[in-house]
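This report refers to the structure that appears directly beneath it.
The values are calculated or read from the model by the stated rules, or taken from the named source; none is laboratory data. What you are looking at is a predicted structure, and each value in this text was computed from that prediction instead of being measured. Backbone-built Cβ (ideal geometry, glycine too); neighbour counts: all protein chains shown. The area values use the complete protein model at the heavy-atom level, side chains included, leaving out ligands, DNA and RNA. Shrake-Rupley method; radii C 1.70, N 1.55, O 1.52, S 1.80 Å.
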Amino acid sequence: MELKCAVQTYDWGKPGINSIVADLMKTANADFVLDEKKPYAELWMGTHKNGPSYLKDTGVSLQKYIQENTNVLGSNIETQDFGTDLPFLFKVLSINKALSIQIHPDKEKAKVLHKLFPDIYKDPNHKPELAIALTPFKALCGFRPLNDIKKYLEEIPELCDAVGENNAHLLLKTNDSLITDVLRKCFLVLISRDSVMPQITQLLERLKGKDEAYKKSLNFDLLQRLHTDFPGDVGCFTVYLLNYITLQPGEAIYIPPNVVHAYLSGDCVECMACSDNVMRAGLTPKQKDIPNLMENMSLCSIQKLPPCREDVYTEVFRPPVSEFAVAKITIPPGQPFYKLIPRSSVSILIIVDGKANISSKTYCRGSVLFIPANEEIKIEVLCFCHPMLMFQAFINV
């Protein structure tokens with residue numbers, strides 16, 4: 001069953017047809033009106049109340065359809081505490097401007113915060129995330145190795161000033177079990193400031209006269225871009241404390257609860273547990289929650305998540321959570337048919353590139369399909385010059 005899905009036009013999205021989100025919607029939906037001045041940030045596929053999907057043929061909400069046909073979820077799902085809502089939200093993101101420096105609380109903390117502050121933390125769930133790059137995708141994710149942070153402190157006096165001279169000195173001299181406490185204090189002092197405008201202005205001015213290799217080693221272009229979008233924001237200096245990574249198309253990262261991160265630019269497929277719980281610390285005009293962020297923040301580093309190959313055309317990214325996994329399906333030119341691997345749970349499939357006949361209907365780039373558990377789907381491929389690319393989200397049980 002084909003779905004009609006919601007689009008979110010947050011200000012950090014890419015404008016008009018530059019956005020993959022807008023392009024996918026325009027290709028698959030004849031009634032979609034493209035506004036070249038509007039930022040198209042996210043395509044939502046699922047039952048989330050802030051952007052629910054609907055069955056295209058009937059107009060019935062996907063949530064209502066599942067509630068009235070619970071067998072589509074799969075027999076294994078009955079043992080899970082998911083209810084009749086999908087436990088995941090499937091997305092496509094097009095990022096033109098950095099998202100906030102943030103963490104998502106774990107389940108235990110989310111329950112506490114929801115009970116104490118229901119207007120801010122609107123549900124009792126955690127929000128682990130998986131991002132798979134569609135284009136070169138840049139992010140800050142987890143903390144850098146300590147030796148890298150020390151190197152930046154040695155070369156950037158403005159950074160030492162921003163984290164506190166005494167803290168910087170202690171971090172440079174400490175090599176024992178206290179080092180993580182000192183790093184936490186550096187981060188706290190930085191994100192607790194109202195602004196780092198003098199330090200950033202001085203650093204950028206000083207770097208302008210340096211050679212390109214040196215500027216690149218100190219992330220000059222990234223710092224300048226963040227400062228342009230968020231002038232003097234404390235989050236700008238986190239480029240020297242957090243891992244700066246670039247995913248190539250098809251590469252993925254998994255963000256567990258309590259890990260500091262910020263998506264910076266590019267396009268990706270994302271899957272996450274259904275939650276709106278966010279603790280922010282920078283690169284945002286929104287409300288921050290520094291005490292809770294510092295209490296729960298992990299200092300771990302994040303690595304790319306490798307996929308597991310299921311057959312010659314399908315590889316699966318399986319994070320260590322039950323709510324979701326995502327399959328990447330690439331069918332090469334000249335392969336006329338392919339049978340999707342049946343899933344024991346309900347799933348959502350999006351065609352990112354290509355065209356196909358499925359159950360006597362033709363679907364193209366941007367089409368989103370709802371697939372009941374254990375359904376056998378045969379795809380007749382209609383693109384002959386380039387690979388067909390699809391992503392399928394399902395419950396990881």
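With respect to the chain, whose longest principal axis is taken over its alpha-carbon atoms, helix 197-208 is tilted by about 90°. In the neighborhood of LYS288, defined by Cβ-to-Cβ distances under 13 Å, what is the net charge if each Lys or Arg adds +1 and each Asp or Glu adds -1? Counting the neighbours of LYS288, the net charge comes to 0. Amide H contacts of VAL352 (H built 1.01 Å from N, in plane; Pro and chain starts excluded): GLY366, LEU389, MET390, PHE391 sit under 5 Å, all sequence-distant by 5 or more or on other chains. The share of accessible area on the chain that comes from carbon and sulfur is 50 percent, using a 1.4 angstrom probe. Rounded to the nearest 20, the size of the Cβ-charge dipole of the chain about its Cα centre is 260 debye, with Lys and Arg at +1 and Asp and Glu at -1. Of all GluC sites (Glu not before Pro) in segment 2-68, which ones are in loop regions per DSSP and have a Cβ with at most 14 other Cβ atoms within 10 Å? Of the GluC sites (Glu not before Pro), the ones in loops of segment 2-68 whose Cβ has at most 14 other Cβ atoms within 10 Å are GLU36. Fully extending the segment from ASN76 to LYS122, taken as 0.36 nm per residue of separation minus the present Cα-Cα distance, adds 13.8 nm. Normalised by the number of residues in the chain, the average gap of Cα pairs under 8 Å and 6 or more apart makes the relative contact order 22 percent.
Rounded to the nearest 10 degrees, the inclination of helix 107-116 to the longest alpha-carbon principal axis of the chain is 80 degrees.
These residues, GLU323, GLU212, GLU155, GLU315, go from largest to smallest accessible area, 1.4 Å probe, as GLU212, GLU155, GLU315, GLU323.
The phi-based Karplus calculation (6.51 cos²θ - 1.76 cosθ + 1.60; θ = phi - 60°) puts the 3J(HN,Hα) values of segment 39-47 at x, 9, 9, 9, 9, 9, 10, x, 10 Hz, whole numbers, x for Gly and Pro. Dipole of segment 308-394 computed with +1 at Lys/Arg Cβ and -1 at Asp/Glu Cβ about the Cα centre; of VAL321, ILE348, MET388, farthest Cα towards the positive end is MET388.
Put simply, the amide H of CYS383, placed in the peptide plane, has neighbours under 5 Å in LYS355, leaving out anything fewer than 5 places away on its chain. The residues of segment 247-337 expose, per residue, 37 Å² of accessible area to a 1.4 Å probe.
Each residue was assigned an accessible area with a 1.4 Å probe, and for ILE20 the value is about 30 Å². Ranking MET197, MET294 from most to least accessible surface, computed with a 1.4 Å probe over the protein chains only, gives MET197, MET294. Report the calculated FRET efficiency for LEU55 and ASP161 (r = Cβ-Cβ distance, R0 = 35 Å), to the nearest 0.05. Calculated transfer efficiency: 0.05.
For ASP176, ASP194, the ranking by accessible surface with the largest value first comes to ASP194, ASP176, using a 1.4 Å probe.
Computing Rg and the Kirkwood Rh from the Cα coordinates of the chain gives a ratio, Rg/Rh, of 1.00. Among the protein heavy atoms, those of LYS288 account for about 70 Å² of accessible surface (1.4 Å probe, every chain in place).
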